[in-house]
Every structure is written in structure tokens, then in C-alpha cells.
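One structure is given below, encoded as C-alpha cells.
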Amino acid sequence: MTTVTFSTQGSRIVGFEVKGHSGYAPAGADIVCAAVTSAVRLAECTVNDVLGLEAAVKVREKDASVSLKLPAALGQTNESTCQALLAGLMVHFVRLAEEYPEHISVMEV
């Protein structure tokens, strides 16, 4: 199962971690894993490559995980953009979890 954990400080989403394989289908045919991977890459590329914010990203192949943590001090525009992006990512993962409850779970800490 894939577990997605969003980290918050008050109402601010400060980052997320995605861990594990969904187990929906064999590697290369797993649509749940593909949806998760694509969404994570979109979020990371938007934050780091488009906005240029240098969020901390850790990829660990050993436990099949990736995490992203936003920088602490963002300008108002970047903060608003990142919060909308991460809130949208959370909604996306929650909807995937509703459709594939045995393969993905979403938590907020």
C-alpha cells in the first residue's frame, strides 16, 4: 500500500511524504502508482523548477519513498501558490484513496 502523509503547521501544509508501492498491479502496469508518481513529480517540478524555491526533496529507493518540504519563509505570492498546489495534491490523493482504498491511504499530521 502507498501511504501519503501531509505535514502541517497550523493551517499551513509544509510538506508531504509518499511511501510504499500500491500493489494494484505488477510494476509497469500499476495505474495507482503511476498516478501518484506523476502527481508528486508535478508538485516537485512546480515548486522547484517553475517557482525556483529549492524545496528539500528526498528520494529513498530503499523504502520506496519520496518527501518534499517547503522552505520556511516564502513571499506572499509563492506561499499562496504552494498552498494551493499542495491542497490540490491532497485532494487528488484523497480521491485516489476513495477509489482505491486498499492501495493508497492519506494522512495529515
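One residue stands out in segment 1-31 among those that are in contact with a strand residue (DSSP E or B) (Cβ under 9 Å, 6 or more places away or on another chain) and among the small types (Gly, Ala, Ser): the one that is surrounded by the fewest Cβ atoms within 10 Å (Cβ to Cβ), namely Gly23. A Cβ distance below 7 Å, combined with a sequence gap of six or more or placement on separate chains, defines the contacts here; from segment 60-77, residues that are over 16 Å from Ser22 (Cα atoms) reach residues that are open to solvent by 40 Å² or more (accessible area, probe 1.4 Å) and not in a strand (DSSP E or B) in the pairs Leu68/Glu44; Pro71/Glu54. Screening the candidates Ala34, Ala39, Ala73, Ala56 for the property of being in contact with a His (Cβ under 9 Å, 6 or more places away or on another chain) and small (Gly, Ala, Ser) yields one hit, Ala39. Among residues of segment 57-89 being over 21 Å from Ser11 (Cβ atoms), under 13 Å from the mean Cα position of the chain (by Cα) and of a type outside the set (A, V, I, L, M), the one that is least open to solvent (accessible area, probe 1.4 Å) is Ser65. Would you point out the residue of segment 32-56, among those that are under 20 Å from Ser7 (Cα atoms) and over 11 Å from the mean Cα position of the chain (by Cα), that is most open to solvent (accessible area, probe 1.4 Å)? So, considering only residues that are under 20 Å from Ser7 (Cα atoms) and over 11 Å from the mean Cα position of the chain (by Cα), the one most open to solvent (accessible area, probe 1.4 Å) is Glu54.
The values are calculated or read from the model by the stated rules, or taken from the named source; none is laboratory data. This is a predicted model, so every value here is computed, not measured. Glycine gets a Cβ as well: all are built from the backbone with ideal geometry, and neighbour counts include every protein chain shown. Protein only, heavy atoms only, side chains kept; ligands, DNA and RNA dropped before computing areas. Shrake-Rupley method; radii C 1.70, N 1.55, O 1.52, S 1.80 Å.
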